[in-house]
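Just below is one structure, and these are the notes that go with it.
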Amino acid sequence: MKKIVLMGNPNVGKSVVFSRLTGANVIASNYPGTTVDFSKGKMRLGKEGYEIIDAPGTYSLDPSNKAEEVALEMFGLADLIINVADATNLERNLYLTLQLLERKKPVILALNMWDEARHTGISIDIKKLEYDLQIPVVPTVALSGEGIHDLIRRIDEARSAEKIEPMTESDRWIKIGEIIKNVQQVTHRHHTLRDWISEASIRPLTGFPIALVVIFTALWLVSFIGQTLISYIFDPLFTLYTPIVMGLSTWLGPGFLQELLIGNLINGQIDYLQSMGLLTTGLYVPFAMVLPYIIAFYSVLAVFEDSGYLPRLATLTDTIFHRLGMHGFGIIPVFLSLGCNVPGILAARSLETKKQRFIVSALLAISVPCMAKNAMVFGILGPYGIGYIILVFATLFIVFISSGLILNRLIKGDSPEICLEIPPYRKPDTMTVLKKTWMRIRWFLQEAIPFLFLGVLLINLLYTFGFVEWLGGIFAPVVQGWFGLPKEATTALLIGFLRKDLAVGMLLPLGMSPMQLVIATTLLTVYFPCVGTFAVMFRELGIRDMIKATAFMICTAFVVGGVMRFVLLGV
Amino acid sequence: MDIYTHNRTILGIPKGTIMEQPIASLETGKTAVILRLEGGYLFRKKMGDMGIRERKTIRLVAIHPFHGPVVVEVDGREVTLGRGMAEHIITGDLE
């Protein structure tokens with residue numbers, strides 16, 4: 001099958017074009033570096049089937065980070081290239097176009113964001129551009145689908161430019177200058193409100209207050225949406241469900257099946273948090289406690305991503321992040337990790353050096369709790385007061401900063417400075433936001449539910465075989481002696497490797513004080529990542545760095561647990 | 001900051017006095033012309049990727065304290081750069 005590869009600068013909308021061509025859904029956002037890996041899809045054109053590959057964005061064919069290396073690799077595989085360019089920024093985008101043409105592969109150029117170019121007073125003569133480049137050029141607006149049909153119709157017209165020979169960098173810019181002069185006209189435009197907001201949110205004096213307001217609004221929205229969904233949808237659903245599952249429990253009668261499916265009845269009643277049956281806790285934790293916050297978080301994140309605010313936040317945080325051995329772009333993996341650490345660690349690919357990628361991955365695994373776990377922390381510590389929740393997050397924040405400061409000194413290598421394009425603000429499109437949120441929720445359900453069931457099953461087995469006692473005894477010196485927690489908490493730490501949300505739930509029946517809960521939930525983030533995160537870190541960092549990261553995590557857990565015990569419990 | 005007089009046209013700037021200074025030393029909001037990029041191939045390539053090249057008009061949008069990053073605008077697009085990089089983008093202005 002012929003391979004068509006989508007190539008272009010970062011943040012020109014390649015992934016949106018890809019979705020339009022293949023009907024497949026991929027995550028697209030308004031910041032450079034959303035796609036760090038390639039996605040594949042299929043498209044039929046007449047009788048022929050094509051494989052379409054969405055490559056990460058690249059400014060040139062000389063890669064300067066991991067994502068760009070992937071792009072170059074994809075270029076090698078291509079039989080035909082769809083070069084997606086940003087019509088509002090043609091000059092710079094043509095650099096890659098010329099490089100593609102010099103390599104003599106068939107190319108068709110999609111001039112995306114055509115509507116935005118028109119609005120900003122840029123007019124491009126398509127006929128002249130086609131003549132200069134000797135390839136077909138199609139104006140498109142991928143978000144609305146405009147021009148996509150033309151693009152598909154003209155794909156087989158793609159060809160290589162015979163007259164364009166390999167040239168030096170400066171010759172390339174001279175050639176681009178000539179082309180631009182020939183095809184583009186820019187009418188002067190006045191500063192708009194959008195420009196004003198854009199500058200206010202990136203300047204230090206106005207930017208930091210705006211950032212605080214934006215972040216607090218976002219947090220408030222997540223908690224408001226989450227709580228509303230729980231009170232008005234998910235809790236009522238489980239109230240309806242209780243008689244059914246109680247009926248089932250009576251019908252089953254005492255025995256292994258009742259233990260497994262329903263779990264322990266507490267005062268003859270089902271306690272959704274403590275019963276630990278597949279049909280009780282196994283369903284309640286993912287659906288009634290975690291899912292509402294997952295929905296809330298990802299819909300707010302999608303709006304954030306598509307608005308274009310994140311690169312501005314990256315600029316504001318750069319000064320601090322630079323001290324931690326990364327640069328401001330590191331805030332993007334952190335934000336994604338607040339949903340789930342796996343996409344967060346993948347996003348680290350957009351950082352330039354190994355040192356930066358190691359530090360950001362280690363910090364995410366140690367100190368950025370995912371939404372599934374946060375939801376449980378809200379659920380369990382919430383009743384004791386918001387102060388305890390703040391204590392958990394404040395501790396994690398201190399761990400994040402101090403681990404970063406330490407790792408920056410320990411890890412050898414370069415930490416280059418930030419060099420990040422700031423996209424214009426765009427109004428997030430409702431359909432795109434909903435679709436993206438739905439994709440991520442579906443992904444959560446597919447990943448989380450099997451592991452949750454496995455976790456509940458494992459807990460039942462461990463208790464049945466008395467393994468919990470045995471394990472508790474072995475780790476008692478650390479868990480009880482050093483962290484000041486009941487020795488049964490060891491099982492929660494073990495289950496935490498499967499699902500952190502479930503592990504938090506397991507702390508409840510242990511009758512701990514709120515301060516002990518604070519220590520235990522904080523340690524559940526710090527001590528070790530969950531299996532999914534562990535696997536992706538292993539793949540991204542390699543075995544040696546993974547061992548280093550693990551050693552660092554264990555040390556951190558000891559220090560943090562010990563310090564918290566002495567500060568919070570005072571013994 | 002170097003101030004010197006020259007007798008020929010440099011980069012399209014006619015005879016006169018040129019004030020030469022890194023972009024990071026400009027006043028916020030001011031515009032200047034990029035005279036040269038002081039650095040090796042990789043630095044020049046990285047800047048070129050962002051549209052920052054000799055002869056381009058560049059505007060300083062923001063400068064962050066504590067040796068923080070600098071935001072510039074070239075071709076109507078904003079780019080955030082580390083301070084070290086910004087120190088090596090030398091701009092010229094007519095006095």
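Read-outs: derived from the displayed coordinates by stated rules, not from any lab. Please read all numbers here as calculations on a predicted model, not as lab measurements. Every residue, glycine as well, gets a Cβ built from its backbone with ideal geometry; the counts of neighbours run over all protein chains shown.
Overview of results
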item: Reachable lysines from A:LYS163, criterion Cα separation under 26 angstrom, eight or more residues apart if same chain; result: A:LYS2, A:LYS3, A:LYS104, A:LYS105, A:LYS127, A:LYS128, A:LYS175, A:LYS181, B:LYS45
item: In Hz, Karplus ³J(HN,Hα) per residue of the stretch A:466-473 (6.51, -1.76, 1.60; θ = phi - 60°; x = Gly, Pro); result: x, 5, 4, 4, 4, 5, x, x
item: Cα centroid separation, the stretch A:405-436 to the stretch A:38-96 (Å); result: 21 Å
item: Relative contact order (%) - criterion: Cα under 8 Å, at least six apart; region: the stretch A:204-569; result: 18 percent
item: Residue-averaged beta-carbon neighbours from other chains (10 angstrom radius) around A:316-325; result: 3
item: Reachable aspartates and glutamates, given that their alpha-carbon falls under 16 Å from the alpha-carbon of A:LYS436 and they are not under 8 places away in the same chain; result: A:GLU305, A:ASP306
item: Sorted largest first, extent of chain A alpha carbons per principal axis (Å); result: 81, 54, 45
item: Residues A:GLN134 and B:THR57, FRET efficiency given R0 of 22 Å [Cβ-Cβ distance, rounded to 0.05]; result: 0.10
item: Other-chain or far-sequence residues with amide H under 5 Å of A:ALA55's (modelled H); result: A:LEU6
item: Ranking of A:SER367, A:SER415 by count of other Cβ atoms within 10 Å, fewest first; result: A:SER415, A:SER367
item: Three-way shape label, the stretch A:2-186, alpha-carbon gyration tensor, a/c 1.5; result: rounded
item: Radius 10 Å from Cβ of A:GLU102, net charge of other residues (Lys, Arg +1; Asp, Glu -1); result: +3
item: Mean separation of Cα contacts under 8 Å (6+ apart) over length of the stretch B:23-89, as relative contact order %; result: 35 percent
item: Within the protein assembly as shown: Cβ-based charge dipole about Cα centre, in debye rounded to nearest 20 (Lys, Arg +1; Asp, Glu -1); result: 420 debye
item: Shape call, the stretch A:328-462: gyration tensor on alpha carbons, a/c limit 1.5; result: oblate
item: Estimated FRET transfer efficiency when R0 is 30 angstrom, pair A:ILE174-A:SER144 (beta carbons, to 0.05); result: 0.25
item: Averaged over A:198-208, number of beta-carbon atoms from partner chains that fall within 10 Å; result: 4
item: Linear extension gain, A:MET167 paired with A:ARG409, 0.36 nm per residue minus alpha-carbon span; result: 82.9 nm
item: Percentage relative contact order, the stretch A:2-186, counting C-alpha pairs under 8 Å, at least six apart; result: 22 percent
item: Aspartates and glutamates with Cα under 15 Å of A:LYS42, excluding same-chain neighbours fewer than 8 positions away; result: A:GLU51, A:ASP54, A:ASP79
item: Charge tally in the Cβ shell below 10 Å around A:LEU541, where Lys, Arg are +1 and Asp, Glu are -1, A:LEU541 excluded; result: +3
item: Gyration tensor (alpha-carbon) shape descriptor, the stretch A:392-484, a/c threshold 1.5; result: oblate
item: Ranking of A:ASP54, A:ASP306 by count of other Cβ atoms within 10 Å, fewest first; result: A:ASP306, A:ASP54
item: Shielding by partners, peptide A:81-92 (average Cβ within 10 angstrom, other chains); result: 2
item: Footprinting exposure proxy for A:TRP173, A:TRP220 (fewest neighbouring C-beta atoms within 10 Å first); result: A:TRP220, A:TRP173
item: Fraction of beta bridges assigned by DSSP in the protein assembly as shown that are antiparallel (%, nearest 5); result: 70 percent
